[in-house]
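Since the structure comes first, as structure tokens, the remarks are kept for the end.
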Amino acid sequence: MDIREAYLEFFESKKHDRVESAPLTPDDATLLFNNAGMVPFKSIFTGEVPTPSNPRATSCQTCIRAGGKHNDLENVGHTARHHTFFEMLGNFSFGDYFKEEAIDYSWEFVTTVLELPTEKLYATVHESDDEAFKMWEKYLPAEKIKRLGDADNFWAMGDTGACGPCSEIFYDQGAENFNTDEDYLGGEGDRFLEIWNLVFMQYDRNSKGELNPLPKPSIDTGMGLERVVAIKEGKVSNYDSSLFMPIINRVEEIIAKKYEYAGGASYRVIADHIRTTSFLLAQGINFSNEGRGYVLRRILRRAVRHGYLLGFRKPFMYELVDVVVKLMSKTYPYLAEKQKVITEQIFLEEERFFKTIADGISLFNEELKNTDTVFSGEVAFTLYDQCGFPLDLTEDMLKEKNIALDTDKFDELMLEQRTRAKAAWKGSGDEAKHGDFKTLLEKFGENEFIGYENLEAEVKVLALLSENFDTIETLHKSHSGWVLLEQTPFYAMGGGQCGDSGVLVDSANVEDTKNFYGLNLSQIKATANITVGDTLTARVDVSRNEIEKHHSATHILHSVLYKNLGDHISQAGSLVEANRLRFDFSHPKALSNQEIAAIEEEVNHHIMHAIRNYTAVMSIEEAKMSGAKAQFGEKYGEDVRVVEFGTVSTEFCGGCHVDNLANIGTFVITKESGVSAGVRRIEAICGNASYNYLKKQRHILNVATEEIKNRDLLVGIEKLKEQIKTLKQEVKEASDSSKEELHAEVVNGVEVFVEEVSGGDIKEHIDELKNAHDKVCVMLFQVKGDKVLIACGVKNASLKAGDWIKKIAPILGGGGGGRPDFAQAGGKDITKIAEAKVASLEFVKESLQ
């Protein structure tokens, strides 16, 4: 039985709209991940956006609880029902039906569709909810309905706002399986398993804590798919179900060890974590040291550590990806599409961690020998910083030993290195979106973007908002705020493209443009008073032309990468601005210089062929059939915009593009680098930015040419290299010659040196010898290529250096002269050096007699 599909079909029969699972990364600045089925509908429940035309919805939402307030990570594998990744079935009423229908629908589904035995079903209600209690009595005897307090059966979105009582459906798994003191309805034991939570949002709690009835109460329900599948298959643990056992069996196969439930926590951790890792990677989250990417890294490394406990000493998690894909790609086809990328990225991250895990565990065990009750925070930080052990992994290992951790010391050290990870998650880092958006949407609906065709237009001011998004009637001169235009030529940031800037002529500077729940709002600074209802001239800044060039170039780059590097290439992020583009993509290794040059050349080849842009709006199914590439996580309606450049590139895209690739100009790749394991980044420029870049390079070239004093820069560089080579050799020879031992012969009390030296400055050698001796005569020869350098010096002796060198130089085919104390010459015949040395010594002996 396909429970997921049966649930959705059942509620479709009750006139609910089926809603696709939203991405795991929510459009909510306060949340790390989607952690409940209602999160994608939060803005509807809070009243920030209007109720949809059909106020009934149903979904199967993928969820993750592995960080922040809702964090099940440490329980995973040790209980029968905790997971980091799970699927939440839900049905929702936005001010439409309420308690009675919610209870009726739930009972009908569990008894007629799931066919669960009624004798095993129980319900709980809030202690004050007589209404729900009475409704349940239609189906259950009073003794099977239990009243519980706020801790169990009251739900609130926050300290203030929508809230209300809950009613939960429980399934009795049998006293024969569970019989502890906590195995009663409402207890902490597993005998009575909660399978469905019905939340009755009927109150609004104010800042004083007072509950006021909502004019249109709503319904939010959640049923854990994993629990229901286990019940239907007769299993008392989710991990024994068909959702997990194929993964566990594959682990058994790889490690060649039999799985037994009692001691199999590590198998269960691995089975859970490979699902989470696969889904996050498939949805474009990459391993990193901050935010969501850091949670992903923690989850994988936790699984690897449990694999290490089982005996794995090399990567293995990547071998489980195909099992996850086989189990879940029918419902989530993007898993199959990204399978190769997921596998490669997991392998690389595993490989990296396996290089340090042995050292980390060894360090951990060594410190345990010195630990009584509290483990060193310094060692925990070393494990984190040098061995890649996330803190919760160390805490996991200590938990198994019942040892505490000195977290104060760890936190102190983390403060010194905060840039490596965020110790406390504060949300996505995006701007929180709270304001009078619902009022604007109900009053005006979504405003129209006309900027594909018009970069200047007469526009009407529908609404003005302060910097804090409160509606105002007038934005005064010099003040900043936001403007809602009836029609706007300003593109709102999205799809990697930055928001437009420009002017409201004679009224305001437009600094940025963003989208809030479908409202295209421009951030402005008023240069004159602006009032709601004004008609103004909106003019997009000329930088839009450059943005379009970079956006179109990004599409072509994506296509060329796919063609040249392989079909594993998948976009992992992009940024398009007026003066640059940045494109992140899945690839296991750095690109070579040859690959970069070939990619750059091919992009320019397409630009040179002046391919026209063909853009069409079509149904999403038509777009998929056309082969257009879609980006995961982007929100597409029933109709989508497809941008096509001949046979080179076809993509879903709502952004702004050139009419013809020839308009892009020269495309230049400025940098290729790594973002994380398995993800590379290309930074590039085109249009005016590439002209400025090339102009700067030409200036640098001209300066270099002048400095080298050679019009042919490469020839000049070669000459410099030769000079450097020669100088290095001379330095070496000088160094070597300084170590040469010169031998003296004493003639009538004068020390006489006649030698051939291999390197260095022979004049300096002579000066050193003269400084070292009171009476000295020195004659030195040095070969330089095919010539001979000759120099001599005299101190306190009856011999003139000039006469000496005039006597010796002719022997070597040269000549020279000098002062009485120093003389030098050059020779051409290096074969006569030995003869010259003998003659030099004889001349000295004759002169000093």
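The values are calculated or read from the model by the stated rules, or taken from the named source; none is laboratory data. Treat the numbers as computed from the prediction; the structure is a model and nothing was measured. A quick note on method: Cβ atoms are made from the backbone with ideal geometry, for glycine too, and the neighbour counts reach across all protein chains shown. All accessible areas refer to the heavy atoms of the entire protein, side chains included, with ligands and DNA or RNA removed. Shrake-Rupley method; radii C 1.70, N 1.55, O 1.52, S 1.80 Å.
For residues in segment 389-419 being open to solvent by less than 20 Å² (accessible area, probe 1.4 Å) and either assigned to a loop (DSSP other than H, G, I, E, B) or β-branched (Val, Ile, Thr) (or both), which is modelled with the lowest pLDDT?
Result: Pro390.
Go through segment 327-342 and report how many residues are in a helix (DSSP H, G or I), within 20 Å of Asp567 (Cβ to Cβ) and more than 17 Å from the chain's Cα centre (by Cα).
6
Answer yes if at least one residue in segment 201-224 is within 35 Å of the chain's Cα centre (by Cα), at pLDDT 90 or above and open to solvent by 20 Å² or more (accessible area, probe 1.4 Å), and no otherwise.
Of all residues in segment 201-224, those within 35 Å of the chain's Cα centre (by Cα) come to 220-224.
Next, from what is left, pick out any that are at pLDDT 90 or above: 220-224.
After this cut, where a residue has to be open to solvent by 20 Å² or more (accessible area, probe 1.4 Å) as well, the list is none.
Checking segment 201-224: not a single residue is within 35 Å of the chain's Cα centre (by Cα), at pLDDT 90 or above and open to solvent by 20 Å² or more (accessible area, probe 1.4 Å).
Does Ala80 satisfy the condition of being of a type in the set (A, V, I, L, M) and not in a strand (DSSP E or B)? Break it down stepwise before answering.
On the way: of a type in the set (A, V, I, L, M): yes; not in a strand (DSSP E or B): yes.
In short, yes.
I need the full set of residues from segment 561-571 which are surrounded by 23 or more Cβ atoms within 10 Å (Cβ to Cβ) and of a type in the set (A, V, I, L, M, F, W, C), in order please.
Once the filter is applied, which keeps residues that are surrounded by 23 or more Cβ atoms within 10 Å (Cβ to Cβ) and of a type in the set (A, V, I, L, M, F, W, C), segment 561-571 yields only Leu561.
How do the pairs read when you match residues in segment 451-478 that are farther than 18 Å from Asn520 by Cβ with residues anywhere that are of a type in the set (D, E, K, R) and surrounded by 12 or more Cβ atoms within 10 Å (Cβ to Cβ), using Cβ under 8 Å and keeping only pairs 6 or more apart or on different chains?
Taking only residues 6 or more apart or on different chains, the pairs are Asp470/Asp436; Ser478/Lys525.
Please pick out the residue among Asn177, Asn197, Asn249 that is closer than 19 Å to Pro117 by Cα, open to solvent by 10 Å² or more (accessible area, probe 1.4 Å) and either in contact with a Ser or Thr (Cβ under 7 Å, 6 or more places away or on another chain) or assigned to a helix (DSSP H, G or I) (or both). Break it down stepwise before answering.
Values: Asn177 fails: either in contact with a Ser or Thr (Cβ under 7 Å, 6 or more places away or on another chain) or assigned to a helix (DSSP H, G or I) (or both); Asn249 fails: closer than 19 Å to Pro117 by Cα.
Among Asn177, Asn197, Asn249, only Asn197 is closer than 19 Å to Pro117 by Cα, open to solvent by 10 Å² or more (accessible area, probe 1.4 Å) and either in contact with a Ser or Thr (Cβ under 7 Å, 6 or more places away or on another chain) or assigned to a helix (DSSP H, G or I) (or both).
Among the listed residues Glu87, Glu48, identify the single one that is farther than 25 Å from Ile270 by Cβ, acidic (Asp, Glu) and buried (at least 18 other Cβ atoms within 10 Å of the Cβ).
Selected residue: Glu48, the only one of Glu87, Glu48 that is farther than 25 Å from Ile270 by Cβ, acidic (Asp, Glu) and buried (at least 18 other Cβ atoms within 10 Å of the Cβ).
What are the residues in segment 522-570 that are among the acidic types (Asp, Glu) and in contact with a helix residue (DSSP H, G or I) (Cβ under 6 Å, 6 or more places away or on another chain), if any?
Glu546
Are there any pairs, at least 6 apart or on different chains, whose C-beta atoms fall under 9 Å, with the first in segment 45-60 and at positive phi and the second outside any strand (DSSP E or B), and if so, which?
The qualifying pairs are Gly47/Lys438.
Looking at (1) open to solvent by 50 Å² or more (accessible area, probe 1.4 Å); (2) assigned to a loop (DSSP other than H, G, I, E, B), can you tell me which one Asp152 breaks?
Of everything listed in (1) open to solvent by 50 Å² or more (accessible area, probe 1.4 Å); (2) assigned to a loop (DSSP other than H, G, I, E, B), Asp152 misses just condition (2).
Check off (1) farther than 27 Å from Leu243 by Cα; (2) in contact (Cβ under 8 Å) with a residue 24 or more places away in the chain; (3) of a type in the set (A, V, I, L, M); (4) not in a strand (DSSP E or B) for Ile219 and give me the number that stays unchecked.
Condition not satisfied by Ile219: (4).
Considering segment 100-127 alone, what residues qualify as being more than 22 Å from Glu188 (Cα to Cα), touching a residue at least 24 places away in the same chain (Cβ under 8 Å) and open to solvent by 80 Å² or more (accessible area, probe 1.4 Å)?
Glu100
Looking at Asn238, Asn286, which one is open to solvent by less than 20 Å² (accessible area, probe 1.4 Å) and under 25 Å from Ala22 (Cβ atoms)?
Going through Asn238, Asn286 in turn, the sole match is Asn238.
Residues Ser362, Ser288: which one is in a loop (DSSP other than H, G, I, E, B) and modelled with pLDDT under 95?
Ser288
Enumerate the strands (runs of 3 or more DSSP E) found wholly within segment 585-690, keeping only those where 2 or more residues are over 30 Å from Phe279 (Cβ atoms), open to solvent by less than 30 Å² (accessible area, probe 1.4 Å) and modelled with pLDDT under 95.
Where strands (runs of 3 or more DSSP E) fall fully within segment 585-690, none carries at least 2 residues being over 30 Å from Phe279 (Cβ atoms), open to solvent by less than 30 Å² (accessible area, probe 1.4 Å) and modelled with pLDDT under 95.
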